[in-house]
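My structure is below; once you've seen it, I'll send some questions.
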Amino acid sequence: MKRYALASLTAICLASGLGYVHAQTDQSRRMSNAWLLDAPNDTERFRLLQRYLRGFDQPMWEVGERYQKLYDALKLENYDMALYQWDKIKVTIQSGYLKRPARKANADAFLLDQNWAVVDAAFKSRNKAKAWDGFELARNSCMSCHEAEKVAFMNNQPLFHDTVPPAKR
Ligand code: HEC
């Protein structure tokens, strides 16, 4: 009887000891900066990366920045910069619908299928009036897609209010 009690006591101590070690590993994993390498397997790593890379909002944020730079470039008549930003806007929107394929149909219809090339040609003309006409088409395409995608509230922000082509002010 005595031996039995001693054996169970040892078992309890061992079990709680192991529990302690386990908890400690969990704790150090939570505290580690190696958020990918510490994941148990590649599936979990891809899941973490997928979450980290977000959806359509983050590319749109970048598109917004580049759109503002594009506007500034046209004011300075810096057409090389305008063309550069316009190119990056296309790439960024394409990367956006890589992640959110449901946005592709409208992105192509409103911007990439036809209007993108028209705007590109307008900047390539390096003619001030033509370039601003191109910008106006770009701005309208952005805003129309926001309406079609049911995020029309995006159009009511300084980014769009402050980028009306100069001749239209
Ligand atoms: C697919 C059609 C589509 C096109 C084309 C489009 N957008 Fe968007 N935009 C969206 C959607 C959808 C959202 C909201 C994203 C979300 O809810 O995750 C958005 C959000 C935004 C945001 C807010 C980002 C944030 O999180 O603060 C900005 C800025 C923006 N768009 C700028 C632009 C500009 C500038 C253009 C044109 C160069 C443009 N968009 C073209 C669909 C579009």
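The values are calculated or read from the model by the stated rules, or taken from the named source; none is laboratory data. Predicted model, so just to flag it, every value in this text is computed and none were measured. Please note: Cβ atoms are built from the backbone with ideal geometry, for glycine as well, and neighbour counts cover all protein chains shown.
Taking the condition among the aliphatic types (A, V, I, L, M), modelled with pLDDT of 95 or more and either farther than 28 Å from residue 51 by Cα or in contact with a strand residue (DSSP E or B) (Cβ under 6 Å, 6 or more places away or on another chain) (or both), does residue 102 pass?
no
Name the residues in the stretch 48-94 that are within 13 Å of the ligand (Cβ to nearest atom) and on the phi > 0 side of the Ramachandran plot, would you?
The answer is 54, and nothing else.
Let me ask something else about it. Any idea which residue in the stretch 149-160 is nearest to residue 74 (Cα to Cα), counting only those that are more than 7 Å from the ligand (Cβ to nearest atom) and not in a loop (DSSP other than H, G, I, E, B)?
If we take residues in the stretch 149-160 being more than 7 Å from the ligand (Cβ to nearest atom) and not in a loop (DSSP other than H, G, I, E, B), then 160 is nearest to residue 74 (Cα to Cα).
Follow-up question, since we're still on this one. Could you give me the residue pairs with C-beta distances under 7 Å whose first residue belongs to the stretch 92-108 and is of a type in the set (Gly, Ala, Ser), whose second residue is in a loop (DSSP other than H, G, I, E, B) and surrounded by 16 or more Cβ atoms within 10 Å (Cβ to Cβ) wherever it lies, and which are 6+ apart or on separate chains?
Partner pairs satisfying both residue conditions: 96/56.
Please work out if residue 144 is hydroxyl-bearing (Ser, Thr, Tyr) and away from the ligand (no atom under 12 Å from the Cβ).
When the stated conditions are applied, residue 144 does not pass them.
Continuing with this model, one more query. Filter the stretch 70-81 down to the residues that are closer than 17 Å to residue 116 by Cα and charged (D, E, K, R) and list them by number.
80 - this is the single residue of the stretch 70-81 that is closer than 17 Å to residue 116 by Cα and charged (D, E, K, R).
Does the stretch 95-141 hold any residues that are polar (S, T, N, Q) and within 12 Å of the ligand (Cβ to nearest atom), and which are they?
Within the stretch 95-141, 106, 115, 140, 141 qualify.
Taking interchain pairs and intrachain pairs at least six residues apart, which have beta carbon atoms under 6 angstrom, with the first residue in the stretch 146-169 and under 25 Å from residue 131 (Cα atoms) and the second of a type in the set (A, V, I, L, M)?
146/152; 146/154; 155/143
Tell me yes or no: at least one residue of the stretch 151-168 is at pLDDT below 95 and among the charged types (D, E, K, R).
yes
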